[in-house]
Amino acid sequence: RYRVAEDRGATLGILMPNGAIEPFTCGLEDRPVVGDEVSIDEPARTIREIVSRVSWIARVRPNGSPQYVAANVSAGFVVTSGEAREFSPRRVARYLIALRAGRVDPVIVLNKCDGGTDASQPMDALRAVAGGAPVLPVSALDGTNCDALQPYLQSDATVALCGSSGVGKSTLLNRLLGYNA
């Protein structure tokens, strides 16, 4: 079994045992997505089959069928910010529905909780829609409370970051990878 690590358009990047990501083509009717486990024909550089998905993230096409975006995701970080122009508990609730529909464990991450920020109101509003999902206040910029995310970042975990533009997903990713913002 091999894992799809990148979607390069005409080819898919497959994670090889040596850690390299190599291009393979796919002639299957259903195209794999990032996170899928696949079997390959290495000499022919083709994907032979997709292993059944354990979990997935999908959006619904106009005809009602799923359009898979990622597969075999262990946790979905729904990243939001308490800033007025970015904060929407209803939007967070829609992400939670989509993640749960694909058997992905959601974690709500309230970003931009810097030293002088009062996060009590946004935290209360997020807890009201969380349906039991953890709600964690962090600051990706200065690292405050980012250690609370560590239980979801084990070596065998696959985590997806979801959220609107401007909430700090890239900054959080860089922080988690050890690159200080």
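Among the residues of the stretch 140-157 satisfying the criterion of being in a loop (DSSP other than H, G, I, E, B) and under 18 Å from the mean Cα position of the chain (by Cα), which is farthest from THR171 (Cα to Cα)?
Selected residue: ASP156.
Does ALA160 satisfy the condition of being part of a loop (DSSP other than H, G, I, E, B) and under 30 Å from SER52 (Cα atoms)?
No.
Just to check your reading of the model, which residue among ASP147, ASP156 is surrounded by fewer than 21 Cβ atoms within 10 Å (Cβ to Cβ) and closer than 30 Å to PRO32 by Cβ?
ASP156
Checking the structure you have, find out if any residue of the stretch 14-26 is out of contact with any Cys (no Cβ under 9 Å at 6 or more places or on another chain), modelled with pLDDT of 95 or more and of a type in the set (D, E, K, R).
Checked against the condition, which is being out of contact with any Cys (no Cβ under 9 Å at 6 or more places or on another chain), modelled with pLDDT of 95 or more and of a type in the set (D, E, K, R), the stretch 14-26 yields at least one hit.
Of the residues that sit in the stretch 163-181 and are among the aliphatic types (A, V, I, L, M) and part of a loop (DSSP other than H, G, I, E, B), which one is farthest from the chain's Cα centre (by Cα)?
My answer is ALA181.
Of everything in the stretch 71-91 that's open to solvent by less than 20 Å² (accessible area, probe 1.4 Å) and either in a strand (DSSP E or B) or free of Cβ contacts under 8 Å to residues at least 60 places away in the same chain (or both), which residue is nearest to SER55 (Cα to Cα)?
ALA71
Within the stretch 97-128, how many residues turn out to be in a strand (DSSP E or B) and among the hydrophobic types (A, V, I, L, M, F, W, C)?
4
Is it the case that ARG94 is open to solvent by 20 Å² or more (accessible area, probe 1.4 Å) and outside any loop (DSSP other than H, G, I, E, B)?
It is true that ARG94 is open to solvent by 20 Å² or more (accessible area, probe 1.4 Å) and outside any loop (DSSP other than H, G, I, E, B).
Which one of these is within 29 Å of PRO32 (Cα to Cα) and touching a Leu at 6+ places or on another chain (Cβ under 8 Å): GLY131, GLY64, GLY82, GLY76?
GLY76
Inside the stretch 1-64, counting only strands (runs of 3 or more DSSP E) that do not spill past its ends, which hold 1 or more residues that are under 25 Å from GLY76 (Cβ atoms) and basic (Lys, Arg)?
2-7, 56-60
The values are calculated or read from the model by the stated rules, or taken from the named source; none is laboratory data. As the structure is a prediction and not an experimental result, all values here were calculated from the model. Heads up, the Cβs are rebuilt from the backbone with ideal geometry, glycines too, and the neighbour counts pull from every protein chain shown. The area values use the complete protein model at the heavy-atom level, side chains included, leaving out ligands, DNA and RNA. Shrake-Rupley method; radii C 1.70, N 1.55, O 1.52, S 1.80 Å.
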